[in-house]
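Here's the structure we're looking at; comments come further down.
The values are calculated or read from the model by the stated rules, or taken from the named source; none is laboratory data. The shown structure was predicted, so the numbers you read here are calculated from the model rather than taken from an experiment. Cβ atoms come from the backbone with ideal geometry, glycine included; neighbour counts cover every protein chain shown. Note: areas computed on protein heavy atoms with side chains; ligands, DNA, RNA excluded. Shrake-Rupley method; radii C 1.70, N 1.55, O 1.52, S 1.80 Å.
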Amino acid sequence: MSGINYSEKIPNNVNLSEDRTLQRALEQWQPNFINWWDDMGPEGSKDMDVYLRTAVSVDPQGWAQFGHVKMRDYRWGVFLNPGEQDRKIHFGDHKGEKAWQDVPGEHRANLRRIIVTQGDTEPASVEQQRHLGLTAPSMYDLRNLFQINVEEGRHLWAMVYLLHKYFGRDGREEADALLQRNSGNEDNPRILQAFNEKTPDWLSFFMFTYFTDRDGKFQLCALAESAFDPLARTTKFMLTEEAHHMFVGESGVSRTIQRTVDVMNQLKTDDVAKLRAAGVIDLPTIQRYINFHFSVTIDLFGADESSNAATFYSSGLKGRYEEGKRTDDHVLKGNTYKILAVENGKLIEKEVPMLNALNEVLRDDYITDSKGGIERWNRVIEKAGISFKLTAPHKAFHRNIGSLSGSKITPDGRVVTSEEWMSKVGEWLPTNDDRAYVASLMGRVTEPGKFANWIAPPVMGINRQPVDFDYVRFS
Ligand SMILES: [Fe+2]
Ligand SMILES: [Fe+2]
């Protein structure tokens, strides 16, 4: 069951050949996907052989096989975690009933919307990152970017499979539309705003894969609890791929900081101008990038009070993070939760029914998780003997969704006037100057084992290969 059949046109572990109609429909979608990859995927990568991992089985042991391949020949396919026998729904109004192997009519529209929204983010990030290969700080980093890109393509396949198999003609139309919307396109943009932003440089890329791919992790974890069993099994396998994306982000920022503190110690200075003259990214700029990516990403969890969130939970479509580990009744009817609001110019906590606050619950779990990496980054600074602390901004800072979106709130949680905001925002969010400076550092380094001046080499290579391995072969 868990082994993947690679002899078919579309690799899969779902016995695709037994459902000829579905197989044919997906085989028709496949060339459109390849066209999309050629048009919107990594720029200038066509002739490169990239040291990629490919799933050979969904078992934890047999997960990956490594080898040099051209990305357009990557075996994208349909992989689900094995089903659990007699799986039961374990939250919401249907708690205790059998998990669904098909889509119940009354939840069809909501499930389709959830799957389409998730599916839309996958190709969007490939589009956002498509120019980054031209300025990779090393061959090692270039390979990691491409690994993430092919896996986001695979995640698109995961959602497209569900749409085709369970949603009939609407599903097929939605699957086509996933290749038609484009990140940042004025007429036909991606669904969520964070996925229409540019990822203009590698610091942004590392921040994106640390913070925004982690949003992906939390959304997928919530969907892995779903009563709709095929969605739960699909997202569980996607999560094994997601871990690597967050690793790339965390280690990328960590290596950037490492290089900066090394130069700070060499030059015995924390003077921003001197550090910039030496070609490294000063810590205050890194803090502003954190502030930006953190705040934009926590918006992705949606409004703090949402009746949709309540419906999704009560009807069993989407659970909480680690639903099974929680000790409450998993129905949450009488429970409350605290959300933030601004009253008389101050941030206050407001108690609301928990069911309506489930976006906020997921956001808070995300925040706890994402602070872990910031602490690990601080250890790099501490170890270098430098007194500077990176922090996550306040949850209310720079919000564009929910009840806080109308207010101006500082990174330490103070409500301020628009005037104060305008006069200080350059200390809190990346300025045009910051972005131009970071952009000026981006140049392509392609010799094995060589790294751009602004970033330290990794501690280890990929799949126990040396750091100076030829991860990408240009021809
Ligand atoms: Fe993904
Ligand atoms: Fe990802």
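The residue that is surrounded by the fewest Cβ atoms within 10 Å (Cβ to Cβ), among those in the range 398-426 that are more than 22 Å from Lys350 (Cα to Cα) and aliphatic (A, V, I, L, M), is Met422. Scanning the range 192-212 for residues being open to solvent by 10 Å² or more (accessible area, probe 1.4 Å), under 20 Å from Tyr366 (Cβ atoms) and touching a Gly at 6+ places or on another chain (Cβ under 8 Å) gives a total of 2. Taken over the range 162-178, the residue count meeting the criterion of being within 16 Å of ligand 1 (Cβ to nearest atom) and open to solvent by 10 Å² or more (accessible area, probe 1.4 Å) is 0.
Of the listed requirements (1) under 30 Å from Leu132 (Cβ atoms); (2) at pLDDT 95 or above; (3) assigned to a helix (DSSP H, G or I); (4) not aromatic (Phe, Trp, Tyr), Arg72 misses just one: (2).
Checked against (1) out of contact with any Asp or Glu (no Cβ under 6 Å at 6 or more places or on another chain); (2) more than 26 Å from Pro42 (Cα to Cα); (3) without any contact (Cβ under 8 Å) to a residue 24 or more places away in the chain; (4) not small (Gly, Ala, Ser), Asn188 meets all criteria but (2).
Counting the residues of the range 146-204 that are farther than 28 Å from Ala55 by Cβ and not in a helix (DSSP H, G or I) gives 11.
Residues are listed down the side, and each one gets a yes or a no for (1) surrounded by 15 or more Cβ atoms within 10 Å (Cβ to Cβ); (2) more than 16 Å from ligand 1 (Cβ to nearest atom); (3) touching a residue at least 12 places away in the same chain (Cβ under 8 Å):
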{"site": "His90", "(1), (2), (3)": "yes, yes, yes"}
{"site": "Lys98", "(1), (2), (3)": "no, yes, yes"}
{"site": "Val103", "(1), (2), (3)": "yes, yes, yes"}
{"site": "Val116", "(1), (2), (3)": "yes, no, yes"}
{"site": "Glu122", "(1), (2), (3)": "yes, no, yes"}
{"site": "Val126", "(1), (2), (3)": "yes, no, yes"}
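For the range 1-51, which positions are touching an Asp or Glu at 6+ places or on another chain (Cβ under 9 Å), open to solvent by less than 10 Å² (accessible area, probe 1.4 Å) and not in a helix (DSSP H, G or I)? If the condition is that a residue be touching an Asp or Glu at 6+ places or on another chain (Cβ under 9 Å), open to solvent by less than 10 Å² (accessible area, probe 1.4 Å) and not in a helix (DSSP H, G or I), then Ile10, Gly41 are the ones that fit. Look at (1) touching a residue at least 12 places away in the same chain (Cβ under 8 Å); (2) closer than 20 Å to Ser251 by Cβ; (3) not polar (S, T, N, Q) and you find that Met460 fails only one, number (1).
Name the single residue that is farthest from ligand 1 (Cβ to nearest atom) among those in the range 134-145 being assigned to a helix (DSSP H, G or I) and closer than 18 Å to Tyr210 by Cα. So, considering only residues that are assigned to a helix (DSSP H, G or I) and closer than 18 Å to Tyr210 by Cα, the one farthest from ligand 1 (Cβ to nearest atom) is Tyr140. As for the range 248-267, it holds no residue that is away from ligand 2 (no atom under 16 Å from the Cβ), open to solvent by 30 Å² or more (accessible area, probe 1.4 Å), part of a helix (DSSP H, G or I) and more than 30 Å from Ser387 (Cβ to Cβ). In a residue-by-residue description of the range 184-191, the property of being open to solvent by 10 Å² or more (accessible area, probe 1.4 Å), away from ligand 2 (no atom under 13 Å from the Cβ) and within 20 Å of Lys217 (Cβ to Cβ) applies to at least one position.
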